[in-house]
1. Residue under question is ARG207, and the condition is that it be among the charged types (D, E, K, R) and either touching a helix residue (DSSP H, G or I) at 6+ places or on another chain (Cβ under 6 Å) or not in a loop (DSSP other than H, G, I, E, B) (or both); does it hold?
2. Looking at ALA49 and the list (1) hydrophobic (A, V, I, L, M, F, W, C); (2) surrounded by 14 or more Cβ atoms within 10 Å (Cβ to Cβ); (3) over 26 Å from GLU144 (Cα atoms), which single condition is not satisfied?
3. State yes or no: is HIS199 in contact (Cβ under 8 Å) with a residue 60 or more places away in the chain, under 21 Å from GLU268 (Cβ atoms) and not aliphatic (A, V, I, L, M)?
4. Scan segment 265-293 residue by residue and report those that are more than 24 Å from the chain's Cα centre (by Cα) and either in a loop (DSSP other than H, G, I, E, B) or modelled with pLDDT of 95 or more (or both).
5. Need pairs with beta-carbon distance below 6 Å; first residue modelled with pLDDT under 95 and within segment 126-154, second charged (D, E, K, R) and assigned to a strand (DSSP E or B); sequence gap 6+ or separate chains.
6. So, in segment 85-100, how many residues would count as being surrounded by fewer than 19 Cβ atoms within 10 Å (Cβ to Cβ) and touching a residue at least 40 places away in the same chain (Cβ under 8 Å)?
7. List, please: which pairs have Cβ atoms under 9 Å, are six or more places apart or on different chains, and start with a residue in segment 158-185 that is within 13 Å of PHE148 (Cβ to Cβ) and end with one that is open to solvent by 10 Å² or more (accessible area, probe 1.4 Å) and of a type in the set (D, E, K, R)?
Amino acid sequence: MGLNAVEVRSSTGALSDAKGSVTDANEEIRLRDSGDHRCVVSLLEHPDADDYVIQNLSRTEVKGELLKRSDLVVAGWKTRKATPKAAKYPMHLRRTYYKKPETPTEIQCERLQQVFDLAGGTQPIGATENIFRCTYLPGRSLSEMNPFLKKKTSLNVATAGTLSKDRLVSLWNILSQAHQKACFLHHKGICFGGIDPRHVVVSSEGRKVHLVNMEKAVKRGDDISKSEWQESNVHDLSEIFRLAIFTQMGLGQMSGPLAYDAMVYLSEVFDDPEYFLTHITSLELSCPLDQTK
């Protein structure tokens, strides 16, 4: 998002916090009340002409002007006719752009299909000039579980010291999986353009981590030099590295690829890398092995 942009998330919070449930293909969500449940079940088989919005998931505004919004929808019959995959996955995520997207929706579909073929997760359904559609992945985003939300680094460091070891290990495992998946995709020539915690989704059963959202994705060779590609890879993971360092401020120094890379790029993430390095290495190693499986 650009200068003065604000992300306004649904006031009802995560769908998993509401009541009722409905299943469609590989998707499961929770709905706000039984009325919604009955309505959605009916619309899955007998759609209206236009899409039915189950819930607004997010919206982006700049100075009061709406730029884009993401909604969980049940596809109307007009959408299913124009986009065949919408008939297979009638309940899905629809992102609507009110300004030209940074990455054309067709390219987003192409990139997401490549990621799905390589690593699973969400898959594209279709796109028009201003609308992008993909399957909805039930679960919780890393942003919902992230305890390090303070703007001041010192406050996040203090938070690390108050969290239980179990919570820190759980967070570390999520970060490790996200790092592993991102590095694999980098090796395959796909870069997300900056992984945000909102784009790291932990599956509803809590075992798998997926990377979603290809709005800023680039592919190796897409009019960028080798050095720019390498810089993009580091930028992709900068927030993962930041959270990994904060997590180790509570756990102590961990092992594995994420721990190594986070230390290598420590100076690019924080202004005072020596402070973090000294503190982390001084703590007793409470979890000698990376817990990622």
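The values are calculated or read from the model by the stated rules, or taken from the named source; none is laboratory data. A quick note: this is a predicted structure, and the numbers were derived from the prediction, not measured. Methodologically, a virtual Cβ is constructed for each residue, glycine included, from the backbone with ideal geometry; neighbour enumeration extends over all protein chains shown. Only protein heavy atoms, including side chains, enter the accessible area calculation; ligands, DNA and RNA are left aside. Shrake-Rupley method; radii C 1.70, N 1.55, O 1.52, S 1.80 Å.
1. On the way: among the charged types (D, E, K, R): yes; either touching a helix residue (DSSP H, G or I) at 6+ places or on another chain (Cβ under 6 Å) or not in a loop (DSSP other than H, G, I, E, B) (or both): no.
It is false that ARG207 is among the charged types (D, E, K, R) and either touching a helix residue (DSSP H, G or I) at 6+ places or on another chain (Cβ under 6 Å) or not in a loop (DSSP other than H, G, I, E, B) (or both).
2. (2)
3. no
4. Going through segment 265-293, the residues more than 24 Å from the chain's Cα centre (by Cα) turn out to be 267, 271-289.
Those that are more than 24 Å from the chain's Cα centre (by Cα) and either in a loop (DSSP other than H, G, I, E, B) or modelled with pLDDT of 95 or more (or both): ASP271, ASP272, LEU283, GLU284, LEU285, SER286, CYS287, PRO288, LEU289.
5. TYR136/GLU27; PRO138/GLU28
6. 2
7. Listed pairs, sorted by first residue: ALA158/LYS150; THR159/LYS150; TRP172/ASP290.
Yes/no matrix, rows are residues, columns are (1) under 15 Å from the mean Cα position of the chain (by Cα); (2) closer than 17 Å to MET214 by Cα; (3) in a helix (DSSP H, G or I):
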{"residue": "VAL115", "(1), (2), (3)": "yes, yes, yes"}
{"residue": "GLY121", "(1), (2), (3)": "yes, yes, no"}
{"residue": "GLU144", "(1), (2), (3)": "yes, no, yes"}
{"residue": "ASN156", "(1), (2), (3)": "no, no, yes"}
{"residue": "LEU163", "(1), (2), (3)": "no, no, no"}
{"residue": "TRP172", "(1), (2), (3)": "no, no, yes"}
{"residue": "LYS181", "(1), (2), (3)": "yes, yes, yes"}
